[in-house]
Amino acid sequence: MTIVKTVDFISLGCSKNLVDSETLMGLFEAHGYRVTHDSEEPEGEIAVINTCGFIADAKEESINTILEFVERKQQGLLERVYVMGCLSERYLADLETEIPEVDGWYGKFNYRQLLEDLDGLAHLETPRHLTTPSHYAYLKISEGCDRHCAYCAIPLITGHHQSRPMEDILSEVRALVKRGVKEFQVIAQELTYYGVDLYGEQRIAELISRMADIEGVEWIRLHYAYPTHFPWELLQVMREKPNVCRYLDIALQHISDHMLNRMRRNTSKQETIELIERLRREVPGIHLRTTLMVGFPGETDKDFEELVDFVKWARFERMGAFAYSEEDGTYSAEHYEDDVPEEVKQRRLDRLMRVQQNISAEIEAAKIGQPLRIIIDRTEGDYYIGRTEFCSPEVDPEVLVPLSQGPLNTGQFYDVRIIDAEEFDLYGEII
């Protein structure tokens, strides 16, 4: 009798990492393995940890996770531990020396080799094993980044921007639709640059337009745009294609010209303001998600106050923020002193998020009485949990519909009227 071994995948970091994990999970399944993902009680004979190496907290989490599974191996609860992803791509030599108990280290691009090294098995072209609910999936359209922001280690890890061929992406979309996927979260380190390396020009608008024309694609949501050289033709696609969500994730980082220059963002305060005004003007009702940074080297009280005023003016529907941490090899680590005290960073971060908290509460409360279309993700407690086109999974507000309004089916769309709002959640009733 053939004994089927179980491989437990632990995927840390961003959704781009998750796509890599799903790809390798599909390969293992095609070769007869049973796979699990982020199990609360790990049960596999083999563990594969996909690491993040972006910022200090993520690196610490990755190392702690590796050590946890190495200990399980030493206790006889696991046969082998393998590590892949950004952390091992960047620090391979150090990690091999410091944690020799790991059975194999793989980076960001050679992880398919793991299966061949493990069992001598050849690579196959196999479908991803989706870890998300069956009605949505992440769609990675490129890897790497040609921007060189002063604080960012991503180009050091992933290298130059590499677009996937458009036909490959569209083929994957068609295949996923056949498997029941209706909603696509389009992801890249910098999606607005898509196509420049392959076609000599930005082709993100064409890609999204062609995706939108595929029968069965209900929602397309765009993540991780860059503000400089924004492809304005993309806004026409967002306006004209009803299944392209009025949602854009565009990290801005700061607004002070002093900070933008030091961060090497290649934009200015005035250009950023004009960008936001045009986005809102050309796509009425668009919801903008952004990320901001406090405590970058040289940030003064004046710079920070300028950032606070900007957030009050922009009234982002979705906003996250983080405190600067120095990353090895980046321009800022080599050229600037990390001169903002940690307590000042934390104080600024807390204040900025309090400002945004009030803005978010007001924006969500304004939806009371509105009819909105939602997709149901799951049931939880006494509610069906759904999302509107303005909400990305796991990070944005959800719509709670009482179970008494059912039966409702996961993965199906419904029209609701918003009857109440909290800071991060809406309550709806079926129309």
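The values are calculated or read from the model by the stated rules, or taken from the named source; none is laboratory data. Please read these numbers as outputs of a predicted model, since none were measured by experiment. Glycine also receives a Cβ, built like all others from the backbone with ideal geometry; neighbour counts cover every protein chain displayed. Side chains included, ligands, DNA and RNA excluded: accessible areas come from the protein's heavy atoms. Shrake-Rupley method; radii C 1.70, N 1.55, O 1.52, S 1.80 Å.
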### Message
Within the stretch 297-368, considering only helices (runs of 4 or more DSSP H) that don't extend past its boundaries, which have at least 2 residues that are farther than 24 Å from T272 by Cβ and touching a residue at least 12 places away in the same chain (Cβ under 8 Å)?
### Response
342-365
### Query
In the set V70, V35, V102, which member is over 17 Å from the mean Cα position of the chain (by Cα) and under 28 Å from E394 (Cα atoms)?
V35
### Query
For the stretch 78-100, what are the residues that are touching a residue at least 12 places away in the same chain (Cβ under 8 Å) and more than 13 Å from G53 (Cα to Cα)?
L78, E79, R80, V81, Y82, I99
### Task
Go over the candidates N64, N17 one by one and state the one that is of a type in the set (S, T, N, Q), open to solvent by 50 Å² or more (accessible area, probe 1.4 Å) and either free of Cβ contacts under 8 Å to residues at least 60 places away in the same chain or assigned to a helix (DSSP H, G or I) (or both).
N64
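Out of everything in the stretch 384-416 that is of a type in the set (D, E) and outside any strand (DSSP E or B), what residue ends up being surrounded by the most Cβ atoms within 10 Å (Cβ to Cβ)?
Looking at residues that are of a type in the set (D, E) and outside any strand (DSSP E or B), I get E389.
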### Residues that are within 15 Å of E422 (Cβ to Cβ) and either surrounded by 12 or more Cβ atoms within 10 Å (Cβ to Cβ) or aromatic (F, W, Y) (or both), drawn from the stretch 363-383
I363, E364, A365, K367, I368, Y383
#### Entry: Sole exception among (1) assigned to a strand (DSSP E or B); (2) in contact (Cβ under 8 Å) with a residue 40 or more places away in the chain; (3) closer than 20 Å to E218 by Cα for I419, by number
(3)
### Selection within the stretch 402-431 - of a type in the set (V, I, T) and touching a Lys or Arg at 6+ places or on another chain (Cβ under 7 Å)
T410, I418, I431
### Query
What do you reckon, is S325 among the small types (G, A, S) and open to solvent by less than 10 Å² (accessible area, probe 1.4 Å)?
no
### Summary
Those residues of the stretch 181-217 that are in a loop (DSSP other than H, G, I, E, B) and either surrounded by 18 or more Cβ atoms within 10 Å (Cβ to Cβ) or not charged (D, E, K, R) (or both) come to a total of 13
### Query
Residue check, V4 against (1) touching a Lys or Arg at 6+ places or on another chain (Cβ under 7 Å); (2) surrounded by fewer than 19 Cβ atoms within 10 Å (Cβ to Cβ); (3) modelled with pLDDT of 90 or more; (4) not aromatic (F, W, Y), all met but one. Which one?
(3)
